[in-house]
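Student: Below you'll find the structure I mean.
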Amino acid sequence: MPNIELMSGNDAVVKAAIMSGCKFYGGYPITPSSEIAEGMAKELPKVGGKFIQMEDEIGGIGAAIGASLTGVKSMTATSGPGFSLKQEHIGFAVMGEIPIVIVNVMRGGPSTGMPTYPSQGDVMQARWGTHGDHQIIALTPCSVQETFKLTFEAFNLSEMYRTPVILLTDEIIAHMREKVILDEAKNYKIIDRVKPSVQSEQYKPFDNKYGLVPPLASYGEGYRFHITGLTHDETGFPTSNPNTVEKLQERLRDKILKNRKNFDWYEERMVEDAEIIVVAYGSVARSAMRAIKDARRENIKAGLFRPITLWPFNYERIKKLSKKCKKFLVAEMNLGQIVGEVERGACGVKTKVDFLGRANGEFITPTEILSKIREVMNV
Amino acid sequence: MFNEHIFDYLRTDKLPHIWCPGCAHGIIVGSLLRSIEKLKLDKNKIAVLSGIGCSGRTPGYLDMNTLHTTHGRSLTFATGIKMAKPELTVIDVMGDGDAVAIGGNHFIHACRRNIDIKAIIFNNNIYGMTGGQYSPTTPINYYASTAPYGNVEPSFDIVKLATGAGASFVARADAYHIALLDNVMEKALSHKGFSVVEVMATCPTQFGRRNKMKEPYQMLDFVAERAVSLKKWQEMSEEEKKGKFPIGIFVDEQRDEYVETYEKNVIEKAKRGEK
């Protein structure tokens, strides 16, 4: 009998985090992500891990980053307003190259917005929320099973590339209950950060000699290294030398973009002969899948492109698809965020990009997407 | 007072430091290192953190596990480090802006939890690095770049704040009375639980220049003349106490330490399947 459990998206995050070897959670209660904190508070101590409910959101991610530097896989989870508060420390983890997973369960915004209603309004905040030029990895699951899987992948990517990784779910995925085949995890890899093999005297925490991702030592193991949020050289000490800073900035960019092929995940359905391709991600992709099937029954050649890795965005794939189809229809629970990226990808071709979106807390239904498909295809 | 062995704990290749002539930060770091050396702490097992500002540069000079974090939030990182690796001695160096302005919330909650972190607060009553703006510890009527008509905000009493919030070791020392500073620093490092050492420091560049104390000795005198031993303080009238502050150890109690309690009351129960 396969090991199957009925669970919510938030439960799946907890289950996968523990199975991935996460040993530290720092967070603050916020709807609709609180079940992740509650689950980690219960499960982490069973495996010798530690949970702390900090005094605020900033403290939650700060503690997780600190714990990560001792060598343990660490995470935090939050939603909209809390995600805003965490932004400075996301940037610190980018600059210090400290592995950490941040789950953001998107809810209606701006501000307090609609705490118990779904939204996809934080897509651009995930990309550009922290200040300064930087690259970020963000993954968006469309089912509970996929949430389970992508939690493993989020930890793996954070460890492989020494970077914060954002698991961007939404209120629907987080609170919906579905079956999860836990045995699937047997096929998943569990990757740990590369540790230095050199003597402590030779260790440089930002050494570019090892390629784009330098090995990371743990505090307390004799390496005695320094990390700062200031721009720094390969030894980790501050510098504002333009050449050194430029090299650092380029490596931080390249380690994500040049490795993107390793985590360039997306799903396509019926795009081969499609005249219209719906672009949707997260929970909205579920409606889109149904809508394209219904459209096919009406002899409208519709397909679906579902980015799973939302950031860095796959402009090249959009460009390729744009040469095949006549139209894109981007459906998202916001007033237009990923649609702009699809337009960038389709720039220079004749393919028109249409948009269906709203930010009133109402889910986008298959019927609505189907109606929009009919409208833009003039059926 | 000079102890050549403190060089074993310094990244001497990172010297000279960036602090201005007459700054008291070096005096405090010297005291910290003498105490570490006296206690023979293993530098591989010490983590030193800081926030942002002049004091924030301290960890960079120390040959230990060092982390220069964000403004006011160093205690959150320190909390994660201490929880994940309790065998480390965790020292958090903060300025007055870090500890009781932008990081005030983290400070009171770290006190409340009684987590075993040594919080050393370099209180120079001013934002030095950003150009002399008033802080929550700038005395009333003193001048700052953002208080051109004199400061009108009452100050935090960090000792009372830490005591009220539940820290199990609370002391105040200053950059002039070095014997006391060394004594307090050593006791803080030996204490199990959240330990607060407020060190009254000087900033001739940003505070002194605006307040007719531009010479370093004037600023040190300003600290020395206001500091009163705790014993004497208790015998003084309210009138005599005006403009002065007590120095010494205010709280030194053994209380349950947070990480130990978590391990005993949470992890052990969870592993046994209890609730």
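The values are calculated or read from the model by the stated rules, or taken from the named source; none is laboratory data. Everything numeric in this text was worked out from a predicted model, so none of it was measured. Neighbour counts are summed over all protein chains in view; Cβ atoms, including those assigned to glycine, are modelled from backbone coordinates with ideal geometry.
Student: Specify which of the listed residues (A:GLU250, A:GLU275) is outside the structural domain of A:THR365 (by TED's automatic domain parsing), farther than 30 Å from B:LYS82 by Cα and not β-branched (Val, Ile, Thr).
Tutor: A:GLU250
Student: Is at least one residue of the stretch A:229-240 within 14 Å of chain B (Cβ to nearest Cβ), touching an Asp or Glu at 6+ places or on another chain (Cβ under 7 Å) and not hydroxyl-bearing (Ser, Thr, Tyr)?
Tutor: No, the conditions are met nowhere in the stretch A:229-240.
Student: Something else about it: Considering only the stretch A:1-92, give the strands (runs of 3 or more DSSP E) lying wholly within it that have at least 1 residues that are surrounded by fewer than 24 Cβ atoms within 10 Å (Cβ to Cβ) and away from every other protein chain (no Cβ under 11 Å).
Tutor: By residue number, A:4-8.
Student: Using the structure shown, decide if A:PHE155 is within 14 Å of another protein chain (Cβ to nearest Cβ) and of a type in the set (Phe, Trp, Tyr).
Tutor: no
Student: Let me ask something else about it. So B:ARG34 ticks every box in (1) closer than 21 Å to A:GLY96 by Cα; (2) of a type in the set (D, E, K, R); (3) more than 9 Å from chain A (Cβ to nearest Cβ) but one. Which box is left unticked?
Tutor: Only one criterion is unmet by B:ARG34, namely (1).
Student: Residues that are under 17 Å from B:ILE121 (Cβ atoms) and in contact with a Leu (Cβ under 9 Å, 6 or more places away or on another chain): list the helices (runs of 4 or more DSSP H) wholly contained in the stretch B:177-252 that include at least 2 such residues.
Tutor: Of the helices (runs of 4 or more DSSP H) lying wholly inside the stretch B:177-252, those with at least 2 residues that are under 17 Å from B:ILE121 (Cβ atoms) and in contact with a Leu (Cβ under 9 Å, 6 or more places away or on another chain) span B:178-190.
Student: Given the structure, is B:LYS82 more than 13 Å from the chain's Cα centre (by Cα) and touching a residue at least 60 places away in the same chain (Cβ under 8 Å)?
Tutor: So B:LYS82 passes the test.
Student: From the list B:ARG226, B:ARG255, exactly one residue is surrounded by 15 or more Cβ atoms within 10 Å (Cβ to Cβ) and under 15 Å from B:GLY193 (Cα atoms). Which is it?
Tutor: Residue meeting the stated conditions: B:ARG255.
Student: To continue, here is another question. Can you tell me which residue is farthest from the chain's Cα centre (by Cα) among those in the stretch A:254-264 that are in a helix (DSSP H, G or I) and within 16 Å of A:VAL165 (Cβ to Cβ)?
Tutor: Only one residue tops the list, namely A:LYS255.
Student: OK, next. Could you run through the stretch B:156-206 and say how many residues are surrounded by fewer than 22 Cβ atoms within 10 Å (Cβ to Cβ), under 19 Å from B:THR89 (Cα atoms) and among the hydroxyl-bearing types (Ser, Thr, Tyr)?
Tutor: 1
Student: Would you call B:LEU75 at the interface with chain A (Cβ under 7 Å from one of its Cβ atoms) and in contact with a Gly (Cβ under 8 Å, 6 or more places away or on another chain)?
Tutor: Against the criterion (at the interface with chain A (Cβ under 7 Å from one of its Cβ atoms) and in contact with a Gly (Cβ under 8 Å, 6 or more places away or on another chain)), B:LEU75 does not qualify.
Student: Now for a different question. Restricting attention to the stretch A:195-218, does a residue exist that is surrounded by 15 or more Cβ atoms within 10 Å (Cβ to Cβ), of a type in the set (Lys, Arg), within 14 Å of chain B (Cβ to nearest Cβ) and closer than 16 Å to A:GLY96 by Cα?
Tutor: yes
Student: Hey, another quick one. In the stretch A:265-379, which helices (runs of 4 or more DSSP H) lie fully inside it and hold 1 or more residues that are over 24 Å from the mean Cα position of the chain (by Cα), closer than 21 Å to A:THR169 by Cβ and modelled with pLDDT of 95 or more?
Tutor: A:284-297, A:366-376
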